[in-house]
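Take a look at the structure set out below.
The values are calculated or read from the model by the stated rules, or taken from the named source; none is laboratory data. In this text, all values refer to a predicted model and were calculated from it rather than measured experimentally. Here the Cβ is made from the backbone with ideal geometry for all residues, glycine too, and neighbour counts use every protein chain on show.
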Amino acid sequence: MSGLSILIPVAIGLGLVALATFLWTLRSGQYDDLEGASQRILDEDSDRPAFDAHQGGPRR
Amino acid sequence: MSCCVPTAETVELSQQGGIETDDEALLTLSRKLGDGTRQLEFAVPDAHCASCIRSIETGLDTLRQVKSARVNLSKRRVRVVFDPELGHPAELARAIRSSGYHTYVLDPSADEDGDTELRELVKALAVAGFAAGNIMLFSVSVWSGANEATRDLFHWISAIIALPAIAYAGQPFFRSAWRAVRVGRTNMDVPITIGVILATALSLYETVNSGRHAYFDASATLLFFLLAGRTLDYLMRERARSAITNLARIAPRGATRVHEDGRREYLPLREIEPGMVLELRAGERVPVDSEVTSESASFDTSIVNGESAPRAVPPGEEVMAGANNLGGVVQMIARKRSEDSLLARMVALMEAAEGAKTKRRRIADRAAAVYAPIVHTIAILTFLGWGVLTGDWHNALLNAVAVLIITCPCALALAVPIVHVVAAGKLFEGGVLMKDGAALERAAEADSVAFDKTGTLTIGRPRLFDFHVEGSEAEAVAVALARASTHPLSQAIVRALHPGDIAVTGLREQPGLGVEAMIDGARWRLGSRTWCGLGEGDGDTTAVWLSCDGVVRATFRFEDEVRADARDAVRQIAALGLPIRLLSGDAAQPVAAVAAKVGITTARARMLPEDKVADVEHGHTMMVGDGINDAPALRAAHVSMAPSTAADIGRSAADFVFTGGQLGAVPLVIGTARRAASIVNQNLVLAIGYNAVAVPLAISGHVTPLVAAIAMSSSSIIVVANALRLRIGRSSWPMRTQTLQEAHA
């Protein structure tokens, strides 16, 4: 029983972290252009992230 | 990467006009970002690979005024943030065009709402997924026989996760169900809402009273699957919508007004009032029905009557909104407001056609209308039956809730959208954009196909196919004269013949007749029969003469070029068992010629828009057309397609829009729609079969939370797997390559 009292909060906590991370990626627009992201990887000169500081982050 | 090398055609593009060259118009459409910069979005429908992204972005980045340029390949758009102090916005469009891409500016107000709704759905999906996964963790332990104290603890933890998650993730369903119930209707969301809420409430009651069964996992999993179906459905419609708004080069968004003091100002369309003096440059469209005041104006009115021959409009005559200015700068006086103009009247005609068409409900809605009452009746009967027969009302309620959970239309909710998503993806690869799933259902039912001629079966651009020239001098003169004119027939001559080295003087164009010039003292004329002094013409607009001092030196004949794959497409459609007919507003002779060329036996000529509507209303006709004059017929037909080169109004009226000028898209759509329809039916049968097995189990009280979880997931997985079969089969790659070649040729 004492094992459970540690493991359960840990399990749920990890799940919550994953959920929060996903919601963050969604808010920051990382799913806005999936096709573009998959093509940009082929372009060796473009080292900019998938969303840049000007446009990234929550939409105005 | 050869697909991305700019070619002759794309270079030609870079010189095209439109409001993209108008600084003021662009500034009006841009969005202020605060720090002095502005943002514009351009559509780039041809961008499709990494080097496209690169050439567009680097092309823009070299401009001084550009702060950032970002291509969104999924939406085929580029968002540009720029500082208007440092340079003209018109240079942005020019930069994109000189990289070799079609582009046009997007109206920011027409966008926006879509993204937020999708985000809400995905967020709800994520929360439901999190809850379902974690609750399942505890449920599995409970099912595998946890002792009573542990079971109660796990039920409590499940409740703590489930209650907020369901309250949040269930909202799309709760809201929709409430909207339906409030007006006394029922939809698929009503049984979902009742099932989820009852199951959750009952589980909470069981948890408080340390009962054996709790259905928290069922509620959460149910919401997860249902949200997945809904998100997919939304994604598909959203993709088509954004692609079509991209294409929707909405006629003019405004025009340049000339004030009495000569000041010029760009006004948005809705602010144009009758009586204002407007100025139109070459390539711009007439914003509202207006009276021309300039001499020798000439317009392409194909948007109105579907025919490409330019029309000379003398001062004092009216031109309809949407006509394209072929000549130089033209001044006109606005005669109507935009909502009373021709474009608006066509929209009204289309709405009438829509209203007359019997409202066909989507297959999922029809299923829901039958499904919901049956489910509720069975659940109530189960409750009453168990209660009356055993007297154990608690157990009766448990069994009734089990029925509601089991029948919750998980598989049904996924059965239809998943097929439509897969079909839309397949069509997209073939260069076809689909408006929504209902269109696909209707396309499967098409029992005949009607084609428009100009712009649909043909390219809508004249081609020189026969000429007779006396001497090389005459040929060179013809090209020199033709060069001076913007008339499509002249341009066809320039495209077809080699230019010579000839000095011409006194060039003069008489709109509607021809061009004349003096060469070595001789008067050369290129144009109609009458113009060349050969007596009264027979009204033949498909021929041009060249004369020297009244003596014929050359004749040129033109035809409207038939699309390369028209004959193949017609044969493929016939092979699918559909009769084909040709409906055209053109004269009988050219219609018969085109019909013979592509192999269509039934052709009707000189049809007004109303005639076309009357023709396609019967049966389940698929209408393929492009012009404004086709728009009402596109709307009235059972299902409709338009090429992406169609008039905006035609495109928005059509259910499918095909890019790349490939008529092969028509048989592709019909074939895919038929396969999709048969898979939808299979899925519905699977879903019903699942219910036929599971519902008796639930009524008889054998469905524990474990059985419910297994039944729900497996039925959902089966329908998804079945839908994916649509992707297997004939590869769509050859089609795609062709489309790209066409787009860049």
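Things to note:
- Scope segment B:233-263; condition at pLDDT 80 or above and outside any loop (DSSP other than H, G, I, E, B); matching residues: B:256, B:257, B:258
- Residues that are crowded, with 20+ Cβ neighbours inside 10 Å and at pLDDT 60 or above, drawn from segment B:301-319: B:301, B:302, B:310, B:313, B:319
- The residue of segment B:388-425 that is surrounded by the fewest Cβ atoms within 10 Å (Cβ to Cβ), among those that are part of a loop (DSSP other than H, G, I, E, B) and modelled with pLDDT under 80, is B:409.
- Annotation note: Cβ proximity below 8 Å between a residue of segment A:1-25 that is in a helix (DSSP H, G or I) and a residue that is of a type in the set (D, E, K, R) (sequence gap 6+ or interchain) occurs for A:23/B:123.
- Residues in segment B:130-142 that are more than 8 Å from chain A (Cβ to nearest Cβ) and surrounded by 16 or more Cβ atoms within 10 Å (Cβ to Cβ): 7 in all.
- In the set (1) modelled with pLDDT of 80 or more; (2) surrounded by 15 or more Cβ atoms within 10 Å (Cβ to Cβ); (3) of a type outside the set (Gly, Ala, Ser); (4) over 12 Å from the mean Cα position of the chain (by Cα), residue A:19 fails one condition alone, (4).
- The one condition in (1) under 24 Å from residue B:712 (Cβ atoms); (2) of a type in the set (A, V, I, L, M, F, W, C); (3) in contact with a Phe, Trp or Tyr (Cβ under 8 Å, 6 or more places away or on another chain); (4) away from every other protein chain (no Cβ under 11 Å) that residue B:173 fails to fulfil: (3)
- For segment B:53-68, taking the residues that are more than 17 Å from residue B:35 (Cα to Cα) and in contact with a strand residue (DSSP E or B) (Cβ under 8 Å, 6 or more places away or on another chain), the one that is farthest from the other protein chains (Cβ to nearest Cβ) is identified as B:63.
- Checking residue B:444 against (1) modelled with pLDDT of 80 or more; (2) not assigned by TED's automatic domain parsing to the domain that holds residue B:626, the condition it does not meet: (2)
- Yes/no for residue B:446 being within 15 Å of residue B:670 (Cα to Cα) and touching a helix residue (DSSP H, G or I) at 6+ places or on another chain (Cβ under 7 Å): yes
A quick yes/no check of all residues on (1) in contact with a strand residue (DSSP E or B) (Cβ under 9 Å, 6 or more places away or on another chain); (2) closer than 30 Å to residue B:658 by Cβ; (3) hydroxyl-bearing (Ser, Thr, Tyr); (4) not in a strand (DSSP E or B):
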position	(1), (2), (3), (4)
B:472	no, no, yes, yes
B:480	yes, no, no, yes
B:490	yes, no, yes, yes
B:509	yes, no, no, no
B:525	yes, no, no, no
B:533	yes, no, no, yes
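- Of residues in segment B:152-165 being touching a residue at least 40 places away in the same chain (Cβ under 8 Å) and surrounded by 21 or more Cβ atoms within 10 Å (Cβ to Cβ), the one farthest from the chain's Cα centre (by Cα): B:155
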